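These notes are about the structure you will find just below.
The values are calculated or read from the model by the stated rules, or taken from the named source; none is laboratory data. Quantities reported herein were computed from a predicted structural model and do not represent experimental measurements. Every residue, glycine among them, receives a Cβ derived from its backbone with ideal geometry; neighbour counts consider all protein chains shown.
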Amino acid sequence: MTAAPVFLPGSTIGVMGGGQLGRMLGLAARRMGYQLHSFSPERDTPAGQVADLEVCAQYFDEEAVRTFAKGIDVLTFEFENVPVESIEWAAQHCVVRPAGRVLEVCQHRLREKTFLKAAGLPLPAFMPVENLAQLEAAVAQLGTPAVLKTAAFGYDGKGQRKILKESDLAEVWSSFAGQKAVLEAWVPFERELSVLVARGTDGSTVTYPVCENVHANHILDLTLVPARITETAAEAARAIAVKAAHALELTGLLAVELFLLPDGTILVNELAPRPHNSGHFSLDAAMTNQFEQQLRAVCGLPLGSTELLRPCAMANLLGDAWEGGEPDWAAALGLPSVKLHLYGKKEARPGRKMGHLVAMGATLEAAEALVRDAQARLTRRGA
Ligand code: AMP
């Protein structure tokens, strides 16, 4: 067996996707003396703004993908919905980490759930749905409430419908317009958690402290680290993430979203084979941030310490904060241990992730109060 290639500082990283996750990877790469090239269908993207080269082309543009791959040493992702064919084209010219088959599993809910089930990981009961008769049978089997989710291209609660006893299944199914779907049993969770795990080319792994996530309108609103759970639950959550990373034979970073039930049971909600919104706390509050960790993993370098420096809280900054005009940055930054991150997006739309705030404190409660205060100060104009 030949040793896996290692890419040292000075090498060129390619990233598929132009969003904030690619931007923060780019910043980590530059800090460590790497070049970063970004590839996405848009121009002047958050990633492209910090890249050495921003390529603007469609993911299915074979010639553009091949040219891009020839100009880099290793390709990684900040977005998993890249066509598998594009990844195969790239893999003929450069190293691709994580491998295309990992993306293929994670970009499709049904494949992901089937994979996780076969690997012995705990997850909510689910059934595939391709037509109304299958939906009716699945609801009869799994009961209500339940959630119908599109099999492909779902994120932040998009493409999901909750199904109740009185729901009109024909109407729900028609709103899916023939898209393949998965029906999932409703999980009466106590908390939502996530674990970030990095796995190196040698199969070694590191996990970050467990994140506790609070959503608003299906979008991540707040992450608290460390999660307010027992040590036993935290160890179980981290063990699940490591098991998933090994099962995928991942090289890179994986975020595992989890549900914690009142009886201590932990179930996997979904996977993302890349840095994750809930891991943004690590930019300020961990020894190695998730983007540096992704870089180390995909370059074949030793993984960094995931030690948490202080209890912290991360609050997302959505476009809604711009509704009454430019947010009051100075007011928020008047809190000296609050950190502001903005992604360079020109247009603030409601629900769009524009940036985030991180606060650290002597206790988790203090950090949470501080980040909430900072969030409120942004929009308290003239008060
Ligand atoms: P997803 O896009 O699958 O991560 O779902 C978005 C959010 O919807 C999750 O973070 C949960 O808050 C909620 N959700 C998704 N699936 C379920 C479920 N089976 N039971 C209860 N809540 C769910």
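General remarks:
- Leading residue by the ranking (surrounded by the most Cβ atoms within 10 Å (Cβ to Cβ)) among those in region 185-195 that are closer than 23 Å to Pro226 by Cβ and near the ligand (Cβ under 7 Å from one of its atoms): Glu192
- The set of residues from region 249-284 being small (Gly, Ala, Ser), buried (at least 24 other Cβ atoms within 10 Å of the Cβ) and outside any strand (DSSP E or B) comprises Ser278, Gly279, Ser282.
Results for (1) under 21 Å from the mean Cα position of the chain (by Cα); (2) within 10 Å of the ligand (Cβ to nearest atom); (3) free of Cβ contacts under 8 Å to residues at least 12 places away in the same chain, shown as yes or no for each residue.
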site: Lys149; (1), (2), (3): yes, yes, no
site: Ala152; (1), (2), (3): yes, no, no
site: Gln160; (1), (2), (3): yes, yes, no
site: Leu164; (1), (2), (3): no, no, no
site: Leu169; (1), (2), (3): no, no, no
site: Trp173; (1), (2), (3): no, no, no
site: Phe176; (1), (2), (3): no, no, no
site: Leu183; (1), (2), (3): no, yes, no
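- When restricted to residues that are surrounded by 17 or more Cβ atoms within 10 Å (Cβ to Cβ) and within 12 Å of the ligand (Cβ to nearest atom), region 126-147 contains 4.
- Qualifying position, being surrounded by fewer than 19 Cβ atoms within 10 Å (Cβ to Cβ), touching a residue at least 12 places away in the same chain (Cβ under 8 Å) and either in the same structural domain as Val298 (by TED's automatic domain parsing) or within 28 Å of Leu283 (Cα to Cα) (or both), among Pro46, Pro98, Pro5: Pro5
- Some residue of region 39-47 being of a type outside the set (Phe, Trp, Tyr), touching a helix residue (DSSP H, G or I) at 6+ places or on another chain (Cβ under 7 Å) and more than 18 Å from Ala90 (Cβ to Cβ): yes
- Check on Leu309, of a type in the set (A, V, I, L, M), more than 30 Å from Ala151 (Cβ to Cβ) and surrounded by fewer than 24 Cβ atoms within 10 Å (Cβ to Cβ): yes
- The residues of region 206-230 include none that are in a strand (DSSP E or B), surrounded by fewer than 19 Cβ atoms within 10 Å (Cβ to Cβ) and more than 14 Å from the ligand (Cβ to nearest atom).
- Restricting Arg199, Arg109 to those that are of a type outside the set (Asp, Glu) and either over 24 Å from Ile266 (Cα atoms) or within 14 Å of the ligand (Cβ to nearest atom) (or both) reduces the list to Arg109.
- Test: residue in region 52-64 that is crowded, with 23+ Cβ neighbours inside 10 Å, touching a Leu at 6+ places or on another chain (Cβ under 8 Å) and under 29 Å from Met354 (Cβ atoms): no
- Filter result for the condition that a residue is among the small types (Gly, Ala, Ser), within 16 Å of the ligand (Cβ to nearest atom) and either farther than 22 Å from Gly351 by Cα or in the same structural domain as Leu196 (by TED's automatic domain parsing) (or both), over Ala244, Ala285: Ala244
- Applying a threshold of 7 Å to beta carbon distances and a minimum spacing of six or more residues, or different chains, the list of pairs starting in region 360-373 at a residue that is closer than 15 Å to Lys339 by Cβ and ending at one that is modelled with pLDDT of 95 or more and assigned to a helix (DSSP H, G or I) reads Met360/Asp284; Met360/Ala285; Met360/Ala367; Gly361/Ala367; Gly361/Leu370.
- Within region 333-358, the residues that satisfy the criterion of being free of Cβ contacts under 8 Å to residues at least 60 places away in the same chain, closer than 22 Å to Ile219 by Cα and not in a strand (DSSP E or B) are Glu347, Ala348, Arg349, Pro350, Arg352.
- Among the candidates Glu54, Glu80, residue that is assigned to a strand (DSSP E or B) and either in contact with a strand residue (DSSP E or B) (Cβ under 7 Å, 6 or more places away or on another chain) or among the hydroxyl-bearing types (Ser, Thr, Tyr) (or both): Glu54
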